[in-house]
DNA sequence: CGCGCGGTTGACGGTTATCAATTAGTGTGG
DNA sequence: CCACACTAATTGATAACCGTCAACCGCGCG
């Protein structure tokens, strides 16, 4: 995550491009949006729908969004969430691959795809950042596939909470209060579970002393009392660097 | 899939780059590899391992490969397969995200990452192709997440077979003989199932008259007797274009 | 107050994982 | 040539996990 953008920049100096657009001196993707008007959205409002022509790129200024697809029979799959600072709409060709909705009220800025492409094409730095962005997206898609492919309900939930924990600062005692801005149904559709299983699994984790719901009225804030236990239960125990090269010897399959 | 590369090309003419490298006139990613020596690999041989420094980009000339990650306790997740003509190693930052192994004997060509980057940075056409490649990878990762998130064993298997069918030509009678080059265990690890469930589900589909195993000795060739039924059972019934915009009204969840 | 919504809890059953045995194909060596 | 071992795949019995259906709780709001 802290790696320098190496790709497409290695030969940046080979390009001597006339920099004429308003974005020419932009050094990161966010600065592209700086002059765009702020747009306010209400809860449940959509940025775009799956299959729509991909006309804009969006920067999330405030709030949380869900990315999802609907199957023929009504099943919904949430493929990701967006938080303040995220950018969406880059990794598209002609059409959006998924729909995006604000979970609660939110603020965004938008750029036409054309303007975005223009700015990126003129800057080696931005090209590299776009490439990096795509790689990050791929990496988290991979992680999600691992989660969905072979983790139990408890492992899925712990992984989910852990990801949120890592976006949060600890308090003095090394404990965390994490905000879960989305409703249970969204968590379920994201983790490939039902709302009931999510609820029950949270209850079980509370029973184990790993979690506390801060305020029964506001269930969107959860305190992590045992971060280490949470990481343990998440299942990807340091990914087992040593055995990757000779997994054949262990030979075992273990559960789905 | 038949869309023109729009991204990073829109302003291609703004760049007047001195094209001096051997790759300067390359018009597609494969031509980059044309002059590289052909390498032969045996069954089970690795191209690289998850976590290795990403030093090369590979073109698959012949054979099939599995992309996978190993979890701490030995569970294996196959995140994808590679077939002749595919390219792997682009969507990486410093390190490979997964390991890649030849399923049977195979042939590849490789390019150093540096050379690849160099060539791509000098050509607008190649840049656009790389971007397109990444978008395709994202799209199939999304599809896989949908599959793993909410499809039953039968739907998963039918989806898998359907994907292979679409890479194959029909015979005169509109039927298909598809080759499944990987063993059952690989299918299982890819579909988030066990080998037993894969086997049982195939048997069930044969019972329904949808499939025939061409030769009990060579189980890697499967005849699709009812392609329409297979598509039906795969579950993503034309993705329900109409209801995407108003899924709220249907209100229903349906099974995981 | 009654209603609706989001969330929790309980009972039950189905799908699929797990454990175990069997078959068939393949290669090896005497 | 056949016995043997070994692997890939299938089949069967059983049980666990989690989905389904249903009831219930607490809260906010008209």
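Condition check ((1) at pLDDT 95 or above; (2) in a loop (DSSP other than H, G, I, E, B); (3) not assigned by TED's automatic domain parsing to the domain that holds residue B:195) across all residues:
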{"site": "B:50", "(1), (2), (3)": "yes, yes, yes"}
{"site": "B:69", "(1), (2), (3)": "yes, no, yes"}
{"site": "B:81", "(1), (2), (3)": "yes, no, yes"}
{"site": "B:93", "(1), (2), (3)": "no, yes, yes"}
{"site": "B:100", "(1), (2), (3)": "yes, no, yes"}
{"site": "B:111", "(1), (2), (3)": "yes, no, yes"}
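So that you can scan it fast, the table gives a plain yes or no per residue for (1) modelled with pLDDT of 90 or more; (2) within 14 Å of chain B (Cβ to nearest Cβ); (3) in contact with a helix residue (DSSP H, G or I) (Cβ under 7 Å, 6 or more places away or on another chain):
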| residue | (1), (2), (3) |
| --- | --- |
| A:150 | yes, yes, no |
| A:156 | yes, yes, yes |
| A:163 | yes, no, no |
| A:170 | no, no, no |
| A:186 | yes, yes, no |
| A:209 | yes, no, no |
| A:232 | yes, yes, no |
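Could you tell me which residue of the stretch A:217-228 is modelled with the lowest pLDDT, considering only residues that are under 16 Å from residue A:163 (Cα atoms) and within 23 Å of the chain's Cα centre (by Cα)? The qualifying residue modelled with the lowest pLDDT is A:220. Tell me, which residue of the stretch B:162-177 that is in contact with a strand residue (DSSP E or B) (Cβ under 8 Å, 6 or more places away or on another chain) and outside any loop (DSSP other than H, G, I, E, B) is nearest to residue B:66 (Cα to Cα)? Residue satisfying both the conditions and the ranking: B:164.
Listed here are the residues, each with its yes/no results for (1) modelled with pLDDT of 95 or more; (2) within 11 Å of DNA strand D (Cβ to nearest atom); (3) touching a helix residue (DSSP H, G or I) at 6+ places or on another chain (Cβ under 9 Å).
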| site | (1), (2), (3) |
| --- | --- |
| B:176 | no, no, yes |
| B:203 | yes, yes, no |
| B:212 | no, no, yes |
| B:215 | no, no, no |
| B:242 | no, no, no |
| B:245 | no, no, no |
| B:248 | no, no, no |
| B:252 | no, yes, no |
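In the stretch A:137-148, which residue that is more than 16 Å from DNA strand C (Cβ to nearest atom) and more than 8 Å from chain B (Cβ to nearest Cβ) is farthest from the chain's Cα centre (by Cα)? Among those residues, the one meeting the criterion is A:143.
Out of the residues in the stretch A:211-222 that are more than 11 Å from DNA strand C (Cβ to nearest atom) and touching a residue at least 24 places away in the same chain (Cβ under 8 Å), which is nearest to residue A:150 (Cα to Cα)? Filtering the stretch A:211-222 for residues that are more than 11 Å from DNA strand C (Cβ to nearest atom) and touching a residue at least 24 places away in the same chain (Cβ under 8 Å), the one nearest to residue A:150 (Cα to Cα) comes out as A:221. For the stretch A:178-199, residues that are assigned to a loop (DSSP other than H, G, I, E, B) and either within 9 Å of DNA strand C (Cβ to nearest atom) or farther than 14 Å from residue A:164 by Cβ (or both) total 6. Does any residue of the stretch B:164-178 turn out to be within 19 Å of residue B:77 (Cα to Cα) and surrounded by 16 or more Cβ atoms within 10 Å (Cβ to Cβ)? Looking through the stretch B:164-178, none of the residues is within 19 Å of residue B:77 (Cα to Cα) and surrounded by 16 or more Cβ atoms within 10 Å (Cβ to Cβ).
The values are calculated or read from the model by the stated rules, or taken from the named source; none is laboratory data. Please read all numbers here as calculations on a predicted model, not as lab measurements. Cβ sites come from the backbone with ideal geometry, for glycine too, and all protein chains shown count toward neighbours.
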